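Beneath this line is the structure, given in structure tokens, with notes to follow.
No lab work stands behind these numbers, since they all come straight from the coordinates. These numbers come from a predicted model, not from an experiment. Glycine gets a Cβ as well: all are built from the backbone with ideal geometry, and neighbour counts include every protein chain shown.
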């Protein structure tokens, strides 16, 4: 296997195929954004930009929405980016890690960006505000704090290699491989992840923070991701480039940025040579996006991926449950297929920090049992009553026990079962009559097999 | 190899062996939350053990069990009531007190043999009035060893 090195990349592929103008355009994120919009490609919405001190002091901060990202225009490696999630009662901005910023602090930060503190070779820079992207469900179990992105290498309108980059604790929630993020190879045909590699750990199979499996994850909207990547490359005019795409919860695939000198560590996680692949598509004439996509899938997809084995659990499992304050707690739980929803006892719910929700519920008179005939009506009635009572009271259900029904309120609950992070709405047994503090119902057991003979 | 284990759904058809060497087929509920298998009175009648249920409830002394005196009552049953009842009722195999979701109940156990997929199981089952429930037989996890259960396969009927 011939690994493509940095010199070969620059001499054989960057210089001949990337024009100076296109590389310059790729480096300027604001100009890239404008170009992508011109070609109707999805990017994060721009709220405003500041390019000089005069603009900074006349900037109207009240025009910004509550959540946004503040970025330097020619930043490197995610430095200088501030994410704002909202405003608190004092009118300060809430950043990541419960850090707050006053408007004055943000002005100082923008000032630093303008000075070029975060830009390539410290030249004066522009700051801009854009839409804050949100993490999609599929990646929740494998991303620490930040949002993962997908790097697709495109050459001659053909996707050549792809990689999913995950934020970790080591990388402080940034999807950056150089500071400890995890790179995961992606099969181009199916969009499922293959091998994973982290700078400080080498080849890995589990996420370093969550211990969740990294292979076999199917990336949603995969064909759309590749299509957008090809079109973004064509829009910017690069012959050889790396396109960074983020999957937003609402917007779907969104182009984050375009690189004229894409990194080469992508070869490690795909167990393949970039040079071999690039040379195979070098002389092809690709006229349309669809053709580029078809050629890529035919040439570079592995068609016989090993199937991901279904995890097998015992009837009793040790589960890591996250409290209301997101602290992990270990508990022994029973897996009960006769229950639909995961249920926990009232005592255990209090232990997990849902006391305030239960206190709010105490104002509602809930009978201990209900006759079968009245169950549906009672359920609807209580659902109406608890609406807006407390943020953790998300629903209420009538559960059948023999010929009677009991009313159980539902709260949001996150737990880790068999290396999978599960977020669900769990019911609380107000009478505490459960054999275990936590009973996992069949709704949360999809994707598992249960082995009743397994005792450990 | 775990691959060779048979994967059960949540609803399985079982063959229940009758004393006259014939058998009946019934839909059973596979429930990992239950320890032992339970059968309805109608099944007990078919296998000729209904008298156990009748006599058991006629002879069982009135006991009020709560979650507090549970251990005391269990001791009383195991040491005194069980040996006595076993002498009086033929074919009564065991008496057990179970803390079920609907309160604590004392149940008679009888020998019960049936076929689940490829496996003949000679086991014990409690006799319960399951008339209002959807399945006449509930298979407990004690009978499921050697199988795997897929909670998304053959999901329970709802009505």
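Quick notes on this structure:
- Taken over the Cα atoms of segment A:147-263, the convex hull encloses 96 Å³ per residue.
- Cα convex hull, segment B:13-55: 80 Å³ per residue, rounded to a whole number.
- Chain B, Cα convex hull volume normalised per residue, Å³: 135 Å³
- A Stokes-Einstein calculation at 4 °C with viscosity 1.567 mPa s, built on the Kirkwood radius of segment A:283-384 over Cα pairs, returns a diffusion coefficient of 65 µm²/s.
- One quarter of the convex hull surface built on the alpha carbon atoms of segment A:127-174 amounts to 5.2 nm², the projected area averaged over directions.
- Entry for chain A at q = 0.09 Å⁻¹: log10 I(q)/I(0) = -0.72, Debye formula applied to identical alpha-carbon scatterers, no solvent contribution.
- Of the Cα atoms belonging to segment A:6-135, the radius of gyration and Dmax stand at 16.6, 56 Å.
- The equivalent ellipsoid that matches the C-alpha gyration tensor of segment A:129-206 spans semi-axes of 20, 17, 12 angstrom, in descending order.
- Highest-first packing order for the peptide set A:317-330, B:84-97 is B:84-97, A:317-330, based on the mean count of other beta carbon atoms within 10 Å.
- Stokes-Einstein diffusion for segment A:248-332 at 4 °C, viscosity 1.567 mPa s, with a Kirkwood radius from C-alpha pairs, works out to 70 µm²/s.
- When peptides A:426-432, B:60-66, A:136-142 are sorted by average Cβ neighbour count within 10 Å, with the highest value leading, the order is A:426-432, A:136-142, B:60-66.
- Panel order for B:144, A:1, by other beta carbons found within 10 Å of each beta carbon, from fewest to most: A:1, B:144.
- Across all C-alpha atoms in segment A:88-132, the radius of gyration and Dmax reach 12.4, 39 Å.
- With eigenvalues of the C-alpha gyration tensor scaled by 5 and rooted, segment A:163-221, Å: 19, 11, 10
- Peptide A:396-404 has a mean shielding of 2, counted as Cβ atoms of other protein chains within 10 Å of each residue's Cβ.
- Here is the P(r) of segment A:355-395: all C-alpha pair distances, binned every 5 Å from 0, give 5, 22, 30, 22, 14, 5, 0 in whole percents.
- Fraction of the pair-distance distribution of segment A:330-456 above 20 Å, Cα-Cα pairs, percent: 44 percent
- Diffusion coefficient of segment A:398-456 by Stokes-Einstein, Kirkwood radius over Cα pairs, 4 °C, 1.567 mPa s: 96 µm²/s.
- The mean number of partner chain beta-carbon atoms within 10 angstrom of a residue's beta-carbon across peptide A:443-454 is 6.
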